[in-house]
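Input: a single structure, listed below in structure tokens.
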Amino acid sequence: YLFAMKKMSAMGRLMKLRITADHISDDFWLGTGPGRFTWYYPQWQAEYFATHSNAPESYFLSAGESYIIFNEYVQLFKEIGFVGFVAFVGLLVYFFSARSGTHKRTLDALKLTMITILSCGFTSYPFHVNIFLLMMCFCFVSAAVLRENVTRLNVRLAIKWRKVIIAGLITLVAITGYKGIKQLNAVQHWLQLTNGADQDMATTYESLYNDLKNDGKFLTEYGIYLSTDSMSYHKAAGLLEKAKQTQFTRNAIEAAIYLYTNNGQLNNAIEYAEWLSNYLPNRFTPKYELMTLYQKAGDTANTRRTANAILSMPVKIPSAEVDRIKQEAAKYLSIRP
């Protein structure tokens, strides 16, 4: 079993590399932007399985809800582009070129630490773990301080310009720090709300919106909360659509499907259900929900196609729910011409 799981994990990583490679030329020079890979990749995966009906079974079974590629260098290249990646390599060259006769052993220890973290980046995600990022920053700064082969730039600035630059930096740090503290307080209040510590949920969500309006997870939760109130349908739909602009998550898509279905907008619900079915191709529940939506819309051809797909899907993890869904698909086909 452990061998099978490790093999599945390896195939999942290979699949992600393959899918990302298909989009390597997109935003080649400047990248998608820091942190934006997690927004693009789910769409790439859904597109891949929507257009590759004969994808390898190993890819099909290993596709899951994922937002990282387990190869930091490919993901970093996609986020910062060719120009940024060259700068990153230049920074590493500068770090490893540090020399010191007095602190040679300390520099060697820093370099070995960096090599260890960088090596993990080929099959894991150390650049996404705060403690590893802190260690990398510590290594960079320490090496810059200890190196004796320092290259100094002979740049002279007038005193008034130095004062302007310093004042600008102080202002930037102050504004950023103020916004960061304000957002941290909002997140803490949001967590209290999630844990049931605040009873007036509607008022609290509204008060937190301005500080967390760009947080996809918050927007999703707020939209799900409002979706239970028929009077707040339009606002809930707007929040879920806005959440999709910052992150694609299963929760957000499922909430949108539920919202549009209950309000009779079957075309919108089907669009989201098709996307989710392609994004998670080995999951039976999204496929079954898509079949029922086609059925409600009176689309017999697509209902039959989806029912046949359910019956032909390989089972990753056997369960009573999977058996029920297959039985429902078979029942539909048996009673339809």
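The values are calculated or read from the model by the stated rules, or taken from the named source; none is laboratory data. Not measured: the values here are computed from a predicted model. When we count neighbours, we look across all protein chains shown, and the Cβ atoms used for this are built from the backbone with ideal geometry, even at glycine. Areas reflect the complete protein model, heavy atoms only, side chains present, ligands, DNA and RNA absent. Shrake-Rupley method; radii C 1.70, N 1.55, O 1.52, S 1.80 Å.
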Fill in the blank from the handout: Using alpha-carbon positions, the gyration tensor of the stretch 1-122 gives root eigenvalues a ≥ b ≥ c; with a/c under 1.5 called rounded, otherwise prolate if a/b exceeds b/c, else oblate, the class is oblate
Practice task
Find how much the distance from ASN54 to HIS234 grows on full extension, using 0.36 nm per residue of separation minus their present alpha carbon separation; answer in nm with one decimal.
Solution key: 60.9 nm
Problem - Identified option (computed semi-axes √(5λ) of the Cα gyration tensor in Å; candidates (i) 29, 24, 21; (ii) 37, 25, 20; (iii) 46, 29, 17) - result: (iii)
Fill in the blank from the handout: Reported to the nearest 10 Å², MET136 has, with a 1.4 Å probe, an accessible area equal to 10
Exercise for the section: Output the peptides 86-92, 104-110, 68-74 sorted from most to least packed, where packing is the average of other Cβ atoms within 10 Å over each peptide's residues. Expected result: 68-74, 104-110, 86-92
Fill in the blank from the handout: Residue span ASN267 to ILE335: 0.36 nm per residue of separation minus Cα-Cα distance leaves a gain in nm of 22.0 nm
Problem - For TRP29, solvent-accessible area (1.4 Å; no DNA, RNA or ligand), Å² - result: 150
Completion exercise
In the structure shown, of LYS16/LYS78; LYS182/LYS244; LYS287/LYS316; LYS296/LYS331, the pairs separated by more than 20 angstrom at the C-alpha atoms are LYS182/LYS244
Handout entry: Farthest toward positive dipole pole in the chain [+1 Lys/Arg, -1 Asp/Glu at C-beta], among LEU118, ILE181, ASN251
Key = LEU118
Practice task
Could you rank the peptides 313-321, 140-148 by their average count of other C-beta atoms within 10 Å per residue, with the highest value first?
Solution key: 140-148, 313-321
Exercise for the section: Determine the gain in length on full extension of the stretch THR292-ALA320; use 0.36 nm per residue of separation and subtract their C-alpha separation, reporting nm with one decimal. Expected result: 8.2 nm
Problem - Proximal aspartates and glutamates relative to LYS104, as straight alpha-carbon distance under 12 Å, when same-chain residues fewer than 8 apart are discounted - result: GLU148
Completion exercise
Note, the stretch 85-99: 3J(HN,Hα) by Karplus (6.51, -1.76, 1.60, θ = phi - 60°), whole Hz, Gly/Pro = x, goes 5, 4, 5, 5, 4, x, 5, 5, 4, 4, 5, 6, 8, 5, 10
Completion exercise
Computed ³J(HN,Hα) along the stretch 274-283: with the Karplus parameters 6.51/-1.76/1.60, θ = phi - 60°, integer Hz and x for glycine or proline, the list is 5, 4, 5, 5, 6, 5, 10, x, 8, 8
Handout entry: Two-site label geometry, PHE122 and ILE165: point separation in nm, points 7 Å out along Cα→Cβ
Key = 4.0
